[in-house]
Every structure is written in structure tokens, then in C-alpha cells.
Amino acid sequence: LEMNTRIQVEHPVTEVTSGVDLVGEQVEIARGKRLPRWRGGLAGHFVEPRGAAMELRLNAEDPAEGFRPSTGRITSLRLPTAPWVRVDCGVEAGSEVTPFYDSLLAKVIAWGPTRGEAMARLEGALRETVVGGVATTVPLGLALLADEGFRAARNHCQYLAERLEEPSFFPGMPPEEELPLLAAAAAWISRARSSSRPAAAAAMAAAASPGSAPAAPPSPAAASPWAQRGRWRDLP
């Protein structure tokens, strides 16, 4: 048996099917939160899994070349924004992928009431994903989601290795000449969605109104990742 003294990479699958923020619970325990006692306490804290979820590790690797690490600069990046899809990402356009660290760039997780619906949502999310500049595992994920045996849940520990031996299963990465077209399409979609947001429309209207003061340039502190930590909070 394997025992890890860390949280699993696939913990988002557990989080979206259980509704429990595992990382948040770890932080609270580190701050002194006490777990309930088993007798009369812990037994009432079990959760019932809801639906199904799947995760793709978006790695900078080339599956067509034996999962050889792919390094270089990420020239373009488009991540999925569909409902019921979660993305944990640690890079952006312009990031440099070096050979000195793990090849994991992001994790794409899709939830659905059934396994089939989770697969369909994950497939849609991967088709929306574009990473330019480096090879990734996204095309392999799409091939696996389209595989009849995998869709019928006939997969096993050696299933992927066996299927990769069949040339018809995974044709490889998209041709290099198609990547700029994919990146351009992703950029167009991103601009179209951004322009339709109410906040952007309100800002444009305010800027166009007569007598409006010019917008102040953003402060350097606003660009700091610590100023954009989202749900994270400072610990006392």
C-alpha cells in the first residue's frame, strides 16, 4: 500500500464530488481546529459522494514521443470556462517551461451527475483548451475520451499503454502550422466574451461620457499575485 503525507494531486475530484474543501480543512486543522471524536461525533461527519468527476493532468509532455518533456515558452494559453469545469493552473501566456521542475501545467476537472456526463463536459473543456509553444497531453486526453473501451469503463492499469501501441488510437499532436490558427481562434473567443461582460460595458460607457476623467493607471501593487489571491486569506 502507498501512504502519502501530502494531499493527492487528484484531490479536486474528491472536492467536487463531496463538497468538502480538503485544502481548506488542512489549513484550519493547522490553525488548531479539532476533529470530532469517533464516538458520537466523527460518525456523523461522513459525506455522500455526489455524481462523478474526471481530471486531466495537463502536462508539458509529448505523448507521441513516449511522453518526452516539452520545454519552451508558452506563446498562447486558452483555458476552459464552461460550467461544472474547474481549472487549477500555475502558468500563463509567456511562462517559461523549463526541464528543472515537474511538467504539470494545470489540472482540468469536470463534474457531472453521471460518469458519461462528466466525460462529455471534460471533452468539451479540452476542446476549448489551447496551449501554444509546447506539446501537452490534451490531444491524448481527447483520444482517450473518444475511445470506446474507456467510455464503456473497460479500462485497467495497463489499458493506456496497450492502446498507445495501436497507431490508430492516438494520431499525435496537431500539425505545427495549425497551432497559430487555434491560438487566434481562442484569442477571438476570449475578446468576444470579455466585451460582453457588464463590467466592461459599464467601464466603456463611463469612459465615453463627456467630461469623464481619464482612468488612473494601475498601481504596481495591483499586479502583485498577493493582491489577486481570490478566496485565499491572510492567517493571523
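The values are calculated or read from the model by the stated rules, or taken from the named source; none is laboratory data. Keep in mind that what you see is a predicted model, and the values were worked out from it rather than measured. So basically every Cβ, Gly included, is an ideal-geometry build from the backbone, and we count neighbours across all protein chains shown.
Scan the range 151-168 residue by residue and report those that are within 25 Å of Asp102 (Cβ to Cβ) and touching a helix residue (DSSP H, G or I) at 6+ places or on another chain (Cβ under 9 Å). Result: Asn155, Tyr159, Leu160, Arg163, Leu164.
Consider the range 64-79 and keep the residues that are of a type outside the set (A, V, I, L, M, F, W, C) and assigned to a loop (DSSP other than H, G, I, E, B). The one that is farthest from Thr137 (Cα to Cα) is Thr75. Annotation: Thr129 fulfils all but one of (1) free of Cβ contacts under 8 Å to residues at least 60 places away in the same chain; (2) more than 21 Å from Ala52 (Cα to Cα); the unmet one is (1). Which is at pLDDT 90 or above and more than 20 Å from Ala60 (Cα to Cα), of Ala118, Ala187, Ala106? Only one candidate passes the filter, namely Ala118.
Scanning the range 103-123 for residues that are surrounded by fewer than 16 Cβ atoms within 10 Å (Cβ to Cβ) and either in contact (Cβ under 8 Å) with a residue 40 or more places away in the chain or aromatic (Phe, Trp, Tyr) (or both) gives Pro113, Thr114, Arg115, Glu117.
Selection of the range 82-102 for residues being touching a residue at least 40 places away in the same chain (Cβ under 8 Å) and among the β-branched types (Val, Ile, Thr) yields only Val85. Set side by side, the residues Ala120, Ala82 differ, and just one is in a helix (DSSP H, G or I), of a type in the set (Gly, Ala, Ser) and in contact with a strand residue (DSSP E or B) (Cβ under 9 Å, 6 or more places away or on another chain), which is Ala120. Would you check if Pro139 is under 21 Å from Arg73 (Cα atoms) and either in contact with a Phe, Trp or Tyr (Cβ under 8 Å, 6 or more places away or on another chain) or among the charged types (D, E, K, R) (or both)? Taking the combined requirement at face value, the residue satisfies it.
Okay, residues lined up against (1) closer than 21 Å to Glu128 by Cα; (2) not in a loop (DSSP other than H, G, I, E, B); (3) not small (Gly, Ala, Ser):
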{"position": "Met3", "(1), (2), (3)": "no, no, yes"}
{"position": "Thr17", "(1), (2), (3)": "no, yes, yes"}
{"position": "Gly32", "(1), (2), (3)": "no, no, no"}
{"position": "Leu35", "(1), (2), (3)": "no, no, yes"}
{"position": "Arg50", "(1), (2), (3)": "no, no, yes"}
{"position": "Arg57", "(1), (2), (3)": "yes, yes, yes"}
{"position": "Asp102", "(1), (2), (3)": "no, no, yes"}
